[in-house]
Amino acid sequence: MVDQPITLANCEDEPIHVPGAIQPHGAMIVLDAAQCVLGYSVNLPQLLGFTPALGEPLREAQVGASVMALLGEKDVSVNRWSNAVEGWLGDTLYDIIGHAYDGVLYLEFEPRPVGTTAFTAFALNAQRIIGQVQQRHDVEDLLIGVTEEIRRMTGYDRVMAYRFKPDLSGEVCAESRREDLVSYLGQRYPASDIPAQARRLYIQNPIRLIADVTYRPAALVPDRHPLSGQPFDLSFSALRSVSPIHCEYLTNMGVAASMSISIVVGGELWGLFSCHHMTPKRVPYPVRMAFQVFSQVCSAVIERLEASRAAETQRLAAELQLSLVRHARDSDDLLGSLTRQLQEVSQLLPSDGAAVMLGGRLSCIGDGLPEDFVRRVVQQLELDDSLETFHTEKWPHPLPQLPEARFCGVLAIRFHRQASGWILWFRLEEVQTINWGGKPEKILSVGPSGARLTPRGSFEAWEEVVSGRSAVWGPTDLNIAEKLRIELMELCLNRASEIDRMRQRLIAVLGHDLRNPLQSISMAAAMLSPNDTRTAELRQHITNSSGRMERLISQILEMSRLQAGAGITLQRVPTDLSRLVGEIISETGLAYPGLNMETAITPGVMVDADPDRMAQVVANLLSNARHHGTQGRPVLVSLSQDDSHAILSILNEAEVLSEERLASLFTPFKQHLPEHGRNKSGLGIGLYISQAIVLAHGGTIEVTQGDGIITFKVRMAR
């Protein structure tokens, strides 16, 4: 058998809810739904004076009428149930606590300690402290006041308020103690001190008492259900035996008895009131139940105070956000509007700098926040196309000596995917000294139970300097950022919708109001006298200009249909592509006598295609070569075929294009006018439509460049 390595995971996996034993200051009987005995604690005969018979019903003569009445009220249809009574067994007054869980009934018997009769005075004190808690308006003040009151009411040597941090470590934020004890106020304790399963039990069972940390557990016989074979689950038991590691932990602190009171906020363990005593100490069950009510009240008040604080923060942020969005909505330039309000954007969250980026343009605010650093952050974030919100307290800086390494915290929202629209907040490194309650480590040792991790033996304050991290982005920060992201996304979508409506109106104007006048102009030009040289030149100029405008209108209308999802309409027939290409070359040569074209056309190349659409592709590619090729250099046109494809290539010499420009050649309305060569007014619509036509035929079109030659290649299935 291979030994399992001893790690912190072993502590996390410790089955503390099924210890198979209880603390010996009380006794337990386990029953099934028919009230037959399934098991009992080994100390029960000594404590109660009788031995239950396994498998037999519990008798009134053994436990008294009050216990039987308690069992009689249990509704068998309810999985969870609990109640308690007090009753005399012999000369001893017992608190008898009953609860049901997962189909099993548990009865726990705790002898009432001698001299604990002043419950009326305790109840009055408890009512007073609850009243005080409900009137607190500050969480820190509440915790300080409550620790004082709990210690005064219970007599424990030390009472601490322990609050969990986002990393699940905890800090002592309030303390009331005996004067001769060392203070733990302000000390931190690692998350491993209270592993996950222990935190879960603190939520399920908010009061936990250890009367004597040196106790010897009283085992259950048997320790598991005789039918299912599963250990008895003592998650909700008042007497449940606790982890021996925890008892060793308390012993190392010099503690002989303890009681904890959970603070549960929003279903999560927010903190604890932890009570320590240097000698064994028992607290009667009714007193503990009063503290359970107090725990619920205190939890509710803290939840209300924190919610109120978060609501006020969000209210102020909402007012600022409303102003930001209103100004952005009224501005034609979204980035310009956000830039002008960048100070307000930064103030929206506690931060040391902010940036807004849109369409490659960037604006930053913050002392020493470098623009190139912000661009690298955005570049890294955009590797994940699905990312909408990102936050970290420890951005991975490869070069910590750079000034930007001071900015460890990043919170980013993406509000425009197509235009790379981001808002980012930055927080500086927060160097802090943490006072740990002893060096936060566990030590491997060998004991009676074999090798295991043991708690630290010293709780003297141990300082650690933490760097390379910022303050944590809390839930309120994330909520505010998310609301702004949604508002800006809606603004961008509304703008896109409005632009689309305006585009449709423009298309309608181009298609109707301009096309008819252009036709009239062309007809009028045709009527001019061809005999007068100046008139003939004017007629040709008018004809060329109006023809070009009409072709541009046709292209824009077709592009509009494509972008609306209408697609390309095809009338496919067997087409002699060789003949079609030759005809387009001849027409182009007649229209532009100075254009030098060299051809290598394989005859008889047949394809199944729409001849008018393919003529449009060839004409567009030749027009593109004429506009962008080097003047005086030939355009090379080749058409060939292989076993399955027809291959059309159009090559021309041209200036080298940037990679960005090359990748966007088939995108309409490109913003790259300096690279348009002689076609300064070109919109790139022809190539966009050509690509759509080729793709509609099931073909491919690609562009490459090398050695000063740019090549467009179309492949069509034969």
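The table that follows gives values for the structure above.
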{"read-out": "Failed condition for GLU598, given (1) touching a Gly at 6+ places or on another chain (Cβ under 8 Å); (2) surrounded by fewer than 13 Cβ atoms within 10 Å (Cβ to Cβ); (3) of a type in the set (D, E, K, R)", "value": "(1)"}
{"read-out": "Helices (runs of 4 or more DSSP H) contained entirely in the stretch 25-86, each with at least 3 residues that are of a type in the set (Ser, Thr, Tyr)", "value": "none"}
{"read-out": "Residue that is farthest from the chain's Cα centre (by Cα) [pool: residues in the stretch 172-184 that are buried (at least 17 other Cβ atoms within 10 Å of the Cβ) and not aromatic (Phe, Trp, Tyr)]", "value": "ARG177"}
{"read-out": "Whichever residue in the stretch 188-199 is part of a helix (DSSP H, G or I) and of a type outside the set (S, T, N, Q) and, among such residues, is surrounded by the most Cβ atoms within 10 Å (Cβ to Cβ)", "value": "ASP193"}
{"read-out": "The stretch 611-645, subset in contact with a His (Cβ under 9 Å, 6 or more places away or on another chain) and either of a type in the set (S, T, N, Q) or open to solvent by 10 Å² or more (accessible area, probe 1.4 Å) (or both), residue nearest to GLY582 (Cα to Cα)", "value": "ARG613"}
{"read-out": "Which numbered condition ASP372 fails, given (1) crowded, with 18+ Cβ neighbours inside 10 Å; (2) modelled with pLDDT of 80 or more; (3) in a helix (DSSP H, G or I)", "value": "(1)"}
{"read-out": "Flag if LEU358 is buried (at least 20 other Cβ atoms within 10 Å of the Cβ) and on the phi < 0 side of the Ramachandran plot", "value": "yes"}
{"read-out": "Positions within the stretch 571-601 being among the hydrophobic types (A, V, I, L, M, F, W, C) and either farther than 19 Å from GLY698 by Cα or part of a helix (DSSP H, G or I) (or both), in sequence order", "value": "LEU577, LEU580, VAL581, ILE584, ILE585, LEU590, ALA591, LEU595, MET597, ALA600, ILE601"}
{"read-out": "Residues located in the stretch 647-665, provided they are at pLDDT below 80 and closer than 26 Å to ASN596 by Cβ", "value": "ARG661, LEU662"}
{"read-out": "Every residue from the stretch 18-53 that is among the polar types (S, T, N, Q) and touching a Ser or Thr at 6+ places or on another chain (Cβ under 8 Å)", "value": "GLN23"}
{"read-out": "Failed item, numbered, when TYR202 is tested on (1) open to solvent by 30 Å² or more (accessible area, probe 1.4 Å); (2) within 23 Å of GLU140 (Cβ to Cβ)", "value": "(1)"}
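Every residue, every condition in (1) under 51 Å from the mean Cα position of the chain (by Cα); (2) more than 23 Å from ARG282 (Cβ to Cβ); (3) modelled with pLDDT under 90; (4) surrounded by fewer than 16 Cβ atoms within 10 Å (Cβ to Cβ), yes or no:
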site: GLY26; (1), (2), (3), (4): yes, no, no, no
site: LEU47; (1), (2), (3), (4): no, no, no, no
site: THR51; (1), (2), (3), (4): no, yes, no, yes
site: GLY90; (1), (2), (3), (4): no, no, yes, yes
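The values are calculated or read from the model by the stated rules, or taken from the named source; none is laboratory data. Quantities reported herein were computed from a predicted structural model and do not represent experimental measurements. Reconstructed Cβ throughout: ideal geometry from the backbone, glycine too, with neighbour counts over all protein chains shown. Please note that ligands, DNA and RNA were not included when accessible areas were found on the heavy atoms of the full protein model with its side chains. Shrake-Rupley method; radii C 1.70, N 1.55, O 1.52, S 1.80 Å.
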